[in-house]
1. Out of the residues in the range 18-45 that are in a loop (DSSP other than H, G, I, E, B) and more than 38 Å from the chain's Cα centre (by Cα), which is surrounded by the fewest Cβ atoms within 10 Å (Cβ to Cβ)?
2. From Leu106, Leu124, Leu77, Leu84, which residue is at pLDDT 85 or above, farther than 30 Å from Arg47 by Cβ, assigned to a helix (DSSP H, G or I) and touching a Phe, Trp or Tyr at 6+ places or on another chain (Cβ under 7 Å)?
3. Return the only residue of Leu91, Leu127 being in contact with a helix residue (DSSP H, G or I) (Cβ under 8 Å, 6 or more places away or on another chain) and closer than 30 Å to Leu14 by Cβ.
4. For the range 46-70: of the residues being of a type in the set (D, E, K, R) and in contact with a helix residue (DSSP H, G or I) (Cβ under 8 Å, 6 or more places away or on another chain), which is modelled with the lowest pLDDT?
5. Looking at (1) assigned to a helix (DSSP H, G or I); (2) outside the structural domain of Lys16 (by TED's automatic domain parsing); (3) under 30 Å from Arg18 (Cα atoms); (4) not aliphatic (A, V, I, L, M), which is the one condition that is false for Glu53?
6. Which of (1) over 18 Å from Pro70 (Cβ atoms); (2) modelled with pLDDT of 85 or more; (3) among the small types (Gly, Ala, Ser) does Ala135 not meet, given it meets every other one?
7. List the pairs whose first member sits in the range 97-126 and is touching a residue at least 12 places away in the same chain (Cβ under 8 Å), whose second member is among the small types (Gly, Ala, Ser) and surrounded by fewer than 12 Cβ atoms within 10 Å (Cβ to Cβ), and whose Cβ atoms are under 8 Å apart, counting only residues at least 6 apart or on separate chains?
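The values are calculated or read from the model by the stated rules, or taken from the named source; none is laboratory data. Note that the coordinates shown come from a computational prediction; the quantities given were computed from them, not determined experimentally. No Cβ is skipped: glycine too gets one built from the backbone with ideal geometry, and neighbour counts run over all protein chains shown.
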Amino acid sequence: MGNPAGVKRNFDELEKRRLKAAALLSQGLTQSEVARRVGVHRQSVSRWAEQLESGGRGALKKAGRAGRKPMLSETDLRRVEQGLKRGPEALGYEAGLWTAKRVAKLIEHECGVRYTAGHVWRILGELGWSCQRPAKRALERDEKAIRRWRRRRWPELKKTLQTKAKRSSS
């Protein structure tokens with residue numbers, strides 16, 4: 001079954017649940033009753049009972065983190081966030097917008113670690129950053145010229161349906 005997508009496992013809570021099951025087993029309760037009280041499958045309690053018997057309570061302690069260790073430390077993430085706050089202009093970009101590729105370059109520049117643009121979005125999510133669009137329109141935008149173009153030029157360029165030609169007898 002596992003956890004729903006995006007939900008991290010809480011290793012401390014999992015350890016508490018195993019130790020609670022061990023205490024209930026030591027009181028003489030059946031594995032089925034322990035499973036009901038702890039809220040797990042009976043097979044989990046059976047596995048924990050075997051671990052308890054072979055290795056004692058220490059065998060039920062948490063194993064630590066799952067998966068590969070992150071390549072960026074907490075201090076690296078803070079440096080990346082400071083770089084994000086400085087803006088892309090600090091890295092020599094003209095436009096003041098961050099793209100995934102630009103953030104990947106920032107991470108490589110600040111921490112020496114290469115990430116793909118796709119993975120950069122995960123890191124930005126961890127930092128609480130999201131995709132942004134500019135709130136303002138370009139200063140050079142000329143609304144009158146745009147309306148004039150839409151009224152006069154666009155109808156000339158717009159494709160219209162051709163009138164059907166007479167059918168050929170050949």
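1. At the first step, the residues of the range 18-45 found to be in a loop (DSSP other than H, G, I, E, B) are 27-30, 39-41.
The next check asks that each one be more than 38 Å from the chain's Cα centre (by Cα); those that pass are 27-30.
Numbers: Gln27: 9, Gly28: 7, Leu29: 16, Thr30: 12.
Within the range 18-45, the match that is surrounded by the fewest Cβ atoms within 10 Å (Cβ to Cβ) is Gly28.
2. Values: Leu106 fails: touching a Phe, Trp or Tyr at 6+ places or on another chain (Cβ under 7 Å); Leu124 fails: touching a Phe, Trp or Tyr at 6+ places or on another chain (Cβ under 7 Å); Leu77 fails: touching a Phe, Trp or Tyr at 6+ places or on another chain (Cβ under 7 Å).
So the residue among Leu106, Leu124, Leu77, Leu84 that is at pLDDT 85 or above, farther than 30 Å from Arg47 by Cβ, assigned to a helix (DSSP H, G or I) and touching a Phe, Trp or Tyr at 6+ places or on another chain (Cβ under 7 Å) is Leu84.
3. Details: Leu91 fails: closer than 30 Å to Leu14 by Cβ.
Residue meeting the stated conditions: Leu127.
4. Arg65
5. So the condition that Glu53 fails would be (2).
6. The single condition Ala135 does not satisfy is (2).
7. From residues that are touching a residue at least 12 places away in the same chain (Cβ under 8 Å), the pairs are Ala100/Gly118; Leu124/Ser130.
Here's the yes/no breakdown for (1) surrounded by fewer than 16 Cβ atoms within 10 Å (Cβ to Cβ); (2) closer than 30 Å to Arg137 by Cβ:
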site	(1), (2)
Thr75	yes, no
Pro88	no, yes
Gly92	yes, yes
Leu97	yes, yes
Val103	no, yes
His109	yes, no
Ala117	yes, yes
